[in-house]
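Following this message is one structure expressed as structure tokens.
Values in this text are rule-based calculations from the coordinates and carry no lab data. Only a predicted model underlies this, so the values are computations on that prediction, with no experimental measurement involved. Cβ coordinates were reconstructed from backbone atoms using ideal geometry, including for glycine residues, and neighbour counts include every protein chain displayed.
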Amino acid sequence: MSHSPPLPQASWSPPPPGDGSPKLRLATVWLAGCSGCHMAFLDLDEELFELAKRVDIVYSPLASDVKVYPEAVDVALVEGAVANSDNLALARSLRRRTGLVVSFGDCAISANVPGLRNLLGAPGAGSGGSAAAVLERGYVELADSQPGYPRAPGILPELLERVLPLHAVIPVDLWLPGCPPPAPRILALLQALLRGERPVQLGAAELQFG
Amino acid sequence: MGVITLSVNGAAVAVPSGATLLAACRSAGIALPTLCYLEGLSPVGACRLCLVELEGAGRPLAACVSEAAEGMVLRTDTPQLVNFRRMGVELFFAEGNHVCAICVANGCCELQDVAVAVGMDHSRFPYRYPQRSVDASHPLFSLDPNRCILCTRCVRACDELEGAHVWDVAERGSHCRIVAGLDQPWAEVEACTSCGQCVDACPTGALFRKDDTNVTSHPQRQRAALLQEARQRHSWRNQGPPPP
Amino acid sequence: MSKPAPARLRCCDASACRNAGGLALRQALLAARAAAGLQPTSLAIGAVGCLRLCGRGPLVAADGPGGSRLWGGLSPEQAALLVAAAWVDADPPLALASPQASPPASPPTPVPPASAPLASSSDPLASYRLDLSHPFFSLQQPVVLEHCGLIDPDCLDQALAHGAYSQLRRCVRQLTPEAVRQEVRRSGLRGRGGAGYPTGLKWDTVALQPPGPRLVVANGDEGDPGAFMDRTVLESDPHRLLEGLAIAAWAVGAERGYVYVRAEYPLAIARLRRALDQISQRGGFGVAFTGTPWPLRLELRVGAGAYVCGEETALLQSIEGGRGTPRPRPPYPAQRGLGGAPTLINNVETLAAIPPILRQGGDWYAAIGAGNQASADKPASGATTATLGSRGTKVFSLSGAVVHTGVVEVPLGMPLRTVVETMGGGVVGGAPVKAVQTGGPSGGCIPAALLDTALDYEAMASLGSMLGSGGMVVLGPHTAMPELARYFMGFCVEESCGKCLPCRAGTVQLAALLDRFVAGQAEAADLDRLEALCAMVKATSLCGLGQSAPNPVLATLRHFRPEYLAACREEPRWA
């Protein structure tokens, strides 16, 4: 089967440290998640300074004001599940523009807590949806006053019927579990990427969920 | 008692006759993953994670329910077995609602550990999100079937160790669920002695103590083995070292 | 009005014809006979077992001096015409073999080809007449079904008149258990439930266990969609099964046994129950049939709706009153079964073949059919199934898009094409056969191009299907194979007992994957995932249900892969 268009290839190869050669173009993306994975990223603390010498953060809720996902990104750390139309559009667009996509944390990997709203819909993957059910629960059943659905077409993105893990909507190259992944685990991944390891082999210690 | 020698992953192993393949592998230092198996309870061969390949056999064998025989040549680590085990763990995650982040057993869960052991970084199979309701009627314990993997350790612990047979499995296939008594709220089952052996046997957070918000000490999963041994030797060593 | 009994109407009273209105027709025939002033001695009207061509029911056969005739699809309003036709043809009177005659030396043909020309067009029932010389009937070789359609299944005397229990009597009074087993070994009979294990070897295994009690069990938990062979035997000739089971008990040294029948067969259950009552009223098997105090006791156990109870270890659990879940083998039931005792479990059809094998000899049976490459009397121990051959006859239930739906018993080794096209008449409307599904949810399918494959264990297995229990569903050109695979996977999802992970959760995921192909929304990666998961479920499931659940997918992938490829989207969604 060769229907799939080729994935973008990372043009970047690891430079020797400090020689002024191009840095790795890194994006961090926040979909349906609590931003805890990004907080854990900040837990890298002083390692962030080392990292800054080696990477350019080209898109991130933390360190960039860029609103449109740029072209030719080497690595994207994607936090969060795919829960609404904006998440889906961003996921698809980043896939087209990124060499290596990492599902960053349990929400991106398994839909995790955001995915719990899938329990409100009809059981069974792919059958039924939970969008109306979760709005009903949140904005009508549990409303203290003025129950009603939020509606602002074009401003508020529509909920998808089901919350999906990232790999359900785009091909993903690497998974880094954890809720959130602890900073040492993130560092191990980034260091492996900076060393140019492809494919990155994570040890057992890097894999625990939760 | 006779001794049987066999080969596991190329290494010669000697075990007492009557030993299982699982015992043989473990005595060879090979950590086969298991979920339904618990030392001290009768084996059922249901989780299919301890599969091994026996030279000359048509299909993999569940090591926990297969008896060792002289001259067997076993492999526990072929690419096929590694692949099957990882798929099995993915199927476990996909069939229930296993959300480690909000689970009382996060950090001391055998399913979580097995996922690490088989290198499961994500599930290729979509999660099913079954709708299951929690039974918190018991004053001390709760049953959260969302985290249940149907290993039936609780069923066997209650039946074989406590003799109460509070637990059993209802329905079939993917509708299977653990029920108390005649599908009653747990608290209404008079046979329950509140001994907690089911809770100690549970590999996940499906059965837990109500005063645990997060399991700080591991459940006493060795309890079944200790009890079995105590009954066989007619002496009790609790959790201390065996008597000299 | 006082003629000897020259004519007889045999009204099929098996499930299919009952569903088609057979009971009402029989009542109407009895009324029409009374209205015509005829006595039962002149025109006998009785219920019999299956007359084979189930799709044309209700079936009625008439025996008269001109031979036998068969009608199908008659309504009660036509009863008078049928009585007249049977009566007119019976005149002048001609002595017909009385049912009290000694059993025939060779299996009689229950519905022999019509020797008389078809009725003239003036016959108002002409369009309901069925041609008994049609290959559907004429190519059959009834052994298991030899009395099916001839005797009233509720009547022990009729069964006895056709020789029932004479072989049991001979075994108990004249043969040692070893001699009985030897005859079964010589016959080359293999388990008809699907696995094809050599019956004689199984009997030996049970018989040669250390001393102690043994049990026998007849497995009538026939649950494959499209399979109704055992039902036919049970509804048509229950004493045949009981005799086979009693002989098995003698041969392995058992004095207790069970007949396990699925709850979905109420008529079969009622008839078996009556048959067992008849025997206990006569003092039990020993007293009634062997004239000895042999204390054999057989009990009927009814399932509770779980397909998996056809798996032998689950069946044993169910008999013991437990949850119907399989357990790992070994130990096999032949070593450790009910209550820990060695237990022989055979399929209904297998056991029903035993009396004629003993009557005619194992060599006679082994000479029927193809696949006689292995020597018949060679002990089967050590032989692999590849050299066992396929001897004797097999009952198949033919259904689906085929013209002639019903039950056929043919010699093994007959080409599939003969059964499907010559006997079955091919697909309704003359469309080409696309494939034949065999073996139910455990089996696979044989594409039209391979219809010349012989119906034997090895040839079918080599094509990724299986001979199976005998269900044969003919598929017309419009059947979409991913949909067929999805149907069977849905069956396995519902019928998985839930004990082991691969079957409980794997079949659910396989069904979800197949849904994507059925909807035409699959991606290339789904095909890899489908095949990988099929391999996993097949290799790692605990019992035969899970181990064979992927077979319909694998077989349709093997023979109809382009249909799966066509269901894959060209572009992934993200691109």
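Ranked by Cβ crowding within 10 angstrom, fewest neighbours first, how are B:Lys210, C:Lys499 ordered?
The order, fewest Cβ neighbours first, is B:Lys210, C:Lys499.
Among residues other than B:Asp77 whose Cβ falls under 15 Å from its Cβ, what is the net charge (Lys/Arg +1, Asp/Glu -1)?
In short, +2.
Could you tell me the center-to-center distance, by alpha carbons, between region C:121-168 and region A:88-164 in angstrom?
Here the two parts' Cα centres lie 65 Å apart.
Still on this model: Between C:Leu81 and C:Leu23, what is the label-to-label distance in nm when each label sits 7 Å out along the Cα-to-Cβ direction?
About 2.5 nm, to one decimal.
If you don't mind, there's one more thing I want to ask. Return the ratio Rg/(2.2 N^0.38 Å) for the protein assembly as shown, where Rg is computed over Cα atoms only.
Ratio of Cα Rg to 2.2 N^0.38 Å: 1.10.
Once the Cβ-Cβ distance between A:Lys67 and A:Ala152 is put in as r, and R0 is 22 Å, what FRET efficiency do you end up with, to the nearest 0.05?
0.70
While we're on this one: Could you work out the per residue convex hull volume over the alpha carbons of region B:3-77, in cubic angstrom? Numbers along the way, then the final one.
Numbers: hull volume 6.1 nm³, N = 75.
Considering the Cα atoms of region B:3-77, their hull volume per residue is 81 Å³.
Which of C:Asn19, C:Gly310, C:Gly337 sits farthest toward the positive end of the charge dipole of chain C, with +1 on the Cβ of Lys and Arg and -1 on the Cβ of Asp and Glu?
Result: C:Gly337.
Over all alpha-carbon pairs of region B:84-231, lay out the pair-distance distribution in 10 Å bins, whole %, shortest bin first.
That works out to 11, 41, 36, 11, 0, in percent per bin.
Of all DSSP beta bridges located in the protein assembly as shown, what percent are antiparallel, nearest 5?
Here the antiparallel bridges make up roughly 55 percent for the protein assembly as shown.
Let me ask you something else. Return the sequence-ordered ³J(HN,Hα) values of region A:197-206 in whole Hz as given by the Karplus equation 6.51 cos²θ - 1.76 cosθ + 1.60 applied to θ = phi - 60°, using x for Gly and Pro.
Result, ordered by residue: 5, 9, x, 6, 9, 8, x, 4, 5, 7 Hz.
Something else about it: When the helix-only estimate is applied to chain C (DSSP H runs of n ≥ 4, each -39,500 (n - 2.57), divided by the residue count), what is the mean residue ellipticity at 222 nm, nearest 500 deg cm²/dmol?
On the way: 21 runs with 205 residues, N = 575.
The helix-only estimate for chain C comes to -10500 deg cm²/dmol at 222 nm.
What is the ratio of the Cα radius of gyration of chain C to 2.2 N^0.38 Å, with N the residue count, to two decimals?
Normalised by 2.2 N^0.38 Å, the Cα Rg of chain C equals 0.99.
Given Cβ point charges of +1 (Lys, Arg) and -1 (Asp, Glu) and nothing else, what value in debye, to the nearest 20, does the dipole of region C:481-566 about its Cα centre take?
240 debye
Another question, if that's okay. Work out the count of Lys pairs in the protein assembly as shown where the Cα-Cα distance is under 30 Å, with the pair 8 or more places apart or on different chains.
The number of close lysine pairs in the protein assembly as shown is 13.
Compute the distance from the alpha-carbon center of region B:74-117 to that of region C:230-274, in whole Å.
Distance between centres, Cα-based: 46 Å.
Still on this model: Contour minus end-to-end for A:Asp86 and A:Phe49, with contour as 0.36 nm per residue of separation and end-to-end as the Cα-Cα distance?
10.1 nm
Moving on. Dipole of the protein assembly as shown (Lys/Arg Cβ +1, Asp/Glu Cβ -1, origin at the Cα centre): which of C:Leu53, C:Ala161, C:Leu463 lies farthest to the positive side?
Farthest towards the positive pole: C:Ala161.
Next question, about the same structure. Kindly identify chain A as rounded, prolate or oblate by the Cα gyration tensor criterion: order the square roots of the eigenvalues as a ≥ b ≥ c, call it rounded if a/c is under 1.5, otherwise compare a/b with b/c, prolate if a/b is larger, else oblate.
Since a/c reaches 1.5 and a/b is larger than b/c, the shape of chain A is classed as prolate.
Could you work out the helix-only [θ] at 222 nm for chain B, with each DSSP H run of four or more residues adding -39,500 (n - 2.57) and the total divided by the number of residues, to the nearest 500 deg cm²/dmol?
Helix-only estimate at 222 nm: -6000 deg cm²/dmol.
Counting Lys and Arg as +1 and Asp and Glu as -1, what is the net charge of the other residues whose Cβ lies under 13 Å from the Cβ of C:Ile247?
+4
Do you know the relative contact order of chain C, to the nearest whole percent, from alpha carbon pairs under 8 angstrom that are 6+ apart?
13 percent
Next up: Which FRET efficiency, nearest 0.05, do A:Arg195 and B:Arg231 yield, Cβ-Cβ r, R0 56 Å? All intermediate terms of the calculation are to be shown ahead of the outcome.
Working: r = 56 Å, r/R0 = 1.00.
Using R0 = 56 Å, I get an efficiency of 0.50.
Shifting gears a bit: With +1 on each Lys and Arg Cβ and -1 on each Asp and Glu Cβ, and nothing else charged, work out how big the dipole of the protein assembly as shown is about its Cα centre, in Debye to the nearest 20.
So the dipole magnitude of the protein assembly as shown works out to roughly 1960 debye.
Between B:Gly10, B:Ala69, B:Ile30, whose Cα lies farthest towards the positive end of the dipole of region B:3-77 when Lys and Arg beta carbons carry +1 and Asp and Glu beta carbons carry -1, centred on the Cα centre?
Farthest towards the positive end: B:Ile30.
While we're here: If region C:393-475 were replaced by its equivalent ellipsoid, with semi-axes equal to the square roots of 5 times the Cα gyration tensor eigenvalues, what would those be, largest first, whole Å? If you can, show how the numbers build up before the last one.
Working: eigenvalues 60, 35, 26 Å².
Over the Cα atoms of region C:393-475, the ellipsoid semi-axes are 17, 13, 11 Å.
When N counts the residues of region B:23-152, how does its alpha-carbon radius of gyration compare numerically with 2.2 N^0.38 Å, as a ratio? Spell out each step's value before the answer.
Values: Rg = 16.4 Å, N = 130, 2.2 N^0.38 = 14.0 Å.
Dividing the Cα Rg of region B:23-152 by 2.2 N^0.38 Å gives 1.17.
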